[in-house]
Amino acid sequence: MYAGLKPVFADIEKDTFNINPEEVEKKINEKTKAIIYVDFAGHPCEIDELKRIAEENDLWLIEDAAHALGAEYKGKKVGSFADITIFSFHPVKHITTGEGGMCVTDDDELAEKMRILRNQGVETAALERFGPKGKWTYDVKMLGRNYRMTDFQAALGLSQLKKLEYFLKRREEIVKIYMEELADVPFVELPISRPHVRHAWHIFTVLVRKGINRDEFILHLRERGIGAAVHYIPVYKFSYYREKFGFRPEDFPVAEDISERIVTLPLFPKMTDEDVMRTISVVKEIGREISR
């Protein structure tokens, strides 16, 4: 939108909560410029299908992998497929630099353009002026912004990156406990992980059964010390986007249903098995109380 483009939303899949390629295909017209997809919760989208659609329609393919650092799709790391993939280093993500993130691409021209844009539009050759033989002159090539990461943040990020595999494996261990212990609980539906992906498990979400008051469920969890949340309120529901673009909930029936029932349970590497089992115990207890 900052670049003057208009967002067009497509509905999501019922099981992964990722964008549905069939719905994407329906929305494409002569004005479409790019497909932007999010790997929700760390589960990669059906990238082959999205890539096919992009190639057939000569569109840019941009991946929001803020949830999916370390995830894999058919044996290849997320970040290997789209024209540009964006990762987040926000404090709650898999690794952090305090704030910020990174973009990856295999296109040298795009990479150079991003380097210029992140540095207020200043040509990258300008960095050479700080050397012993550097020139004092430089040029501004385009309208950029200050997206530079500090050296301190980069150092923190590099140290965190070394721990990524440990973080991923610990998340997988926690999810395994959740899945086993909640498998026979009738009032929640558990998330899936398709066999051809490695799920990064940024968050662990369940769906409460229809007829259960999701907000009441979360309130009771929080009252008993469980940090439950909702990820996320659909963008089409926010007043700015609704009023500017005329989005309607009935245009996105799957997203609408899921957004009314989704609950995020705690998931982070420092959770102990005891923490997980206590969360499960409270979930079962509250579920029995409010589903009677």
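The values are calculated or read from the model by the stated rules, or taken from the named source; none is laboratory data. The shown structure was predicted, so the numbers you read here are calculated from the model rather than taken from an experiment. Reconstructed Cβ throughout: ideal geometry from the backbone, glycine too, with neighbour counts over all protein chains shown.
The figures follow:
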quantity: Output for the range 169-190, where each listed residue is under 19 Å from the mean Cα position of the chain (by Cα) and either part of a loop (DSSP other than H, G, I, E, B) or not assigned by TED's automatic domain parsing to the domain that holds Val283 (or both); calculated: Leu190
quantity: Qualifying positions in the range 1-36 - in a loop (DSSP other than H, G, I, E, B), assigned by TED's automatic domain parsing to the domain that holds Ala68 and β-branched (Val, Ile, Thr); calculated: Ile28, Thr32
quantity: Check on Ala228, in contact with a strand residue (DSSP E or B) (Cβ under 7 Å, 6 or more places away or on another chain) and either surrounded by 14 or more Cβ atoms within 10 Å (Cβ to Cβ) or at positive phi (or both); calculated: yes
quantity: Residues satisfying the stated conditions in the range 213-266, i.e. farther than 15 Å from Val282 by Cβ and part of a loop (DSSP other than H, G, I, E, B); calculated: Asn213, Val230, His231, Tyr232, Ile233, Pro234, Phe238, Gly246, Phe247, Arg248, Phe252
quantity: Enumeration of residues in the range 37-66 that are outside any helix (DSSP H, G or I) and within 13 Å of Asn18 (Cα to Cα); calculated: Tyr37, Val38, Asp39, His43, Pro44, Cys45, Glu46, Glu63, Asp64, Ala65
quantity: Some residue of the range 257-278 being more than 26 Å from Ala10 (Cα to Cα) and of a type in the set (Ser, Thr, Tyr); calculated: yes
quantity: Residue, farthest from Arg171 (Cα to Cα), within the range 267-278, restricted to residues that are assigned to a helix (DSSP H, G or I) and free of Cβ contacts under 8 Å to residues at least 60 places away in the same chain; calculated: Arg278
quantity: Selected residue (only one of Glu223, Glu243 is under 30 Å from Arg288 (Cβ atoms) and acidic (Asp, Glu)); calculated: Glu223
quantity: Qualifying positions in the range 97-114 - charged (D, E, K, R), over 21 Å from Lys162 (Cβ atoms) and part of a loop (DSSP other than H, G, I, E, B); calculated: Asp106, Asp107
quantity: Test: Ile62 is touching a strand residue (DSSP E or B) at 6+ places or on another chain (Cβ under 6 Å) and modelled with pLDDT of 95 or more; calculated: yes
